[in-house]
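These notes are about the structure you will find just below.
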Amino acid sequence: MSGVDVNAPTLGSFVMRNTKDPELVILMNAIALSCKQIATAVKRAGIAKLYGLAGEQNSTGDDQKMLDVMSNEIMINALRNSGVCSVLVSEEDEDPIIVPEADNGKYCVAFDPLDGSSNIDCNVSVGTIFGVYEKEPGSKGTTADILRAGDDMICAGYCVYSSAVELVFSFKGGAAYCFCLDPNIGEFVSTRLMKLPDGGGKTIYSCNEGNSKHWDQPIKDTIEYFKTTPKPYTARYVGSMVADVHRTLLYGGIFIYPADKKSPKGKLRILYEGFPMAMLIEQSGGIASTGLFKGKVGRVMDVIPEDIHDRCPIIMGGARDVKIVYDMYKKAG
Ligand code: AHM
Ligand code: MG
């Protein structure tokens, strides 16, 4: 059939072939099902009168949108019913959801069902982010199973709802994969490997510069460097982390949401924003750093979250650009 690659693997067959783990196939199918349902809700939001606030606040005090609430219900139902999950942590729920023992399985999943709240109502790209841990041996499934360093994750990914719906994920092993939803068959099919461009790719910096007066001096100096170097960088900032990281993975450059004087831990949540994106950036050949955080400049993946909605600063992208941030911290002493 013209335009159809009959050899392109679908998600389920790909996960089975690469991991030989039927439970992981079930988990990824549950996530993929949620993403298809959320994609449909996002696409029909105007028609179905789903724009606007739900009238509640979420775990971190943000106003919940109707689409946030619906996406959260979709994810929770799919993961709980999958039979392979024990602990679910959602940006939209203050407490973790512990799946009853009779229905539970080995995975613990942290997720942001619909990331990019400020873009939901104006039809700009939004996404779903997830990170997956295995329960500790012998555990029945508790919060402790998920309050662990990013390096303990076995899988992470995101789905971007844009002109195309793309699901990007990694099981570590130095690779991240992109599957695109083929609306003709309702399946995610393999389309491309995610790899940060060699040499750093396009010179793009991505941050909310409106916060700059609160940043520390090395971050201010970094952005100044990007703007005043002989071939100045381009600024690109969608304000949906999924879209900004997706572009960074494909084109190169750097995405920054640093700590600042108002928010010493930054804005982004570790378990369902920082860790999954850090894993994808690292597995695609890049660096994901916290900048100066808790007295050192370290990897995002090494942070131990203190609570399920804990935050951490994010500086991620290709080595060429993240090293400029490191240099600025070195210069500052
Ligand atoms: P959200 O989970 O409430 O949508 O907040 C997370 C989002 C990220 O997608 C994005 O990188 C960041 O917040 C944008 O924040 P700001 O509007 O402060 O630039
Ligand atoms: Mg979010």
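Bear in mind that the values in this text are calculations on the coordinates, not laboratory data. Source: prediction; values computed, not measured. Cβ coordinates were reconstructed from backbone atoms using ideal geometry, including for glycine residues, and neighbour counts include every protein chain displayed.
Here the Gaussian network model covers the chain, with springs between Cα atoms less than 10 Å apart; of Ala45, Ala243, Ala288, Ala45 fluctuates the most.
Asn81: net charge of surrounding residues, Cβ under 13 Å, Lys/Arg +1, Asp/Glu -1, itself excluded? So the environment of Asn81 carries a net charge of -1.
Measuring r between the beta carbons of Lys261 and Lys231 and using R0 = 45 Å, the FRET efficiency lands at 0.90. Taking amide H as placed 1.01 Å from N in the peptide plane, the amide H of Asp115 sits under 5 Å from that of Gly127, Thr128, Ile129, each at least 5 places away or on another chain. With all pairs of different alpha carbon atoms counted, what Kirkwood hydrodynamic radius in Å does segment 21-71 show? Across segment 21-71, the inverse of the average 1/r is 12.4 Å.
All other residues with a Cβ under 13 Å from the Cβ of Asp5 taken together, and with Lys, Arg as +1 and Asp, Glu as -1, what is their net charge? Neighbourhood net charge equals -1. Compactness of segment 1-48 is given as radius of gyration and Dmax, 14.4, 42 Å, from Cα positions.
With 10 Å bins beginning at zero, the pair-distance distribution over Cα atoms of segment 1-124 amounts to 12, 36, 31, 18, 3, 0 %. Across the cross-link table entries Lys20/Lys202; Lys231/Lys323; Lys36/Lys65; Lys43/Lys220; Lys36/Lys265; Lys106/Lys265, which are compared at the Cα atoms, the separations over 29 Å belong to Lys20/Lys202; Lys43/Lys220; Lys36/Lys265; Lys106/Lys265. Approximating the spin labels as points 7 Å out from Cα along Cα→Cβ, the Leu193-to-Glu94 distance works out to 4.7 nm. Compute a Gaussian network model of the chain, connecting alpha carbons closer than 10 Å, and tell me which residue from Gly12, Gly150, Gly55 fluctuates the most. Looking only at Gly12, Gly150, Gly55, the biggest GNM fluctuation is shown by Gly55. Peptide packing for 301-313, 92-104 was compared via the average number of neighbouring C-beta atoms within 10 Å per residue; ordered from the highest value, the list is 301-313, 92-104. On full extension, the segment bounded by Arg80 and Thr10 gains 22.9 nm, given 0.36 nm per residue less the C-alpha separation.
The GNM of the chain, with springs linking C-alpha atoms under 10 angstrom apart, assigns the highest mean-square fluctuation among Met241, Met75, Met28 to Met28.
With a sphere of radius 15 Å drawn around the Cβ of Thr203, what net charge do the other residues whose Cβ falls strictly inside it have (Lys, Arg +1; Asp, Glu -1)? Summing Lys and Arg as +1 and Asp and Glu as -1 gives +4.
Here segment 54-135 is described by how far its Cα atoms reach on the three principal axes: 41, 22, 17 Å, from widest to narrowest.
Enclosing the Cα atoms of segment 144-303 in their convex hull gives a volume equal to 130 cubic angstrom per residue.
Peptides 267-274, 46-53, ordered by how many other C-beta atoms sit within 10 Å of their residues on average, highest first, read 267-274, 46-53.
Per residue of the chain, the DSSP helices (runs of n ≥ 4 H) give a summed -39500 (n - 2.57) that works out to -9000 deg cm²/dmol at 222 nm. Spacing of the modelled spin labels on Arg299 and Lys323, each 7 Å from Cα toward Cβ, amounts to 1.8 nm.
Note on segment 182-262: Rg/Rh from C-alpha atoms, Kirkwood Rh, equals 1.10.
Give the share of C-alpha pairs in each 20 angstrom bin for the chain, from 0 to the last occupied bin, in whole percents, shortest bins first. P(r) over the chain, rounded to whole percents: 32, 59, 9, 0. For the pair Lys172 and Ser212, the difference between a 0.36 nm per residue extended length and the Cα-Cα distance amounts to 11.0 nm.
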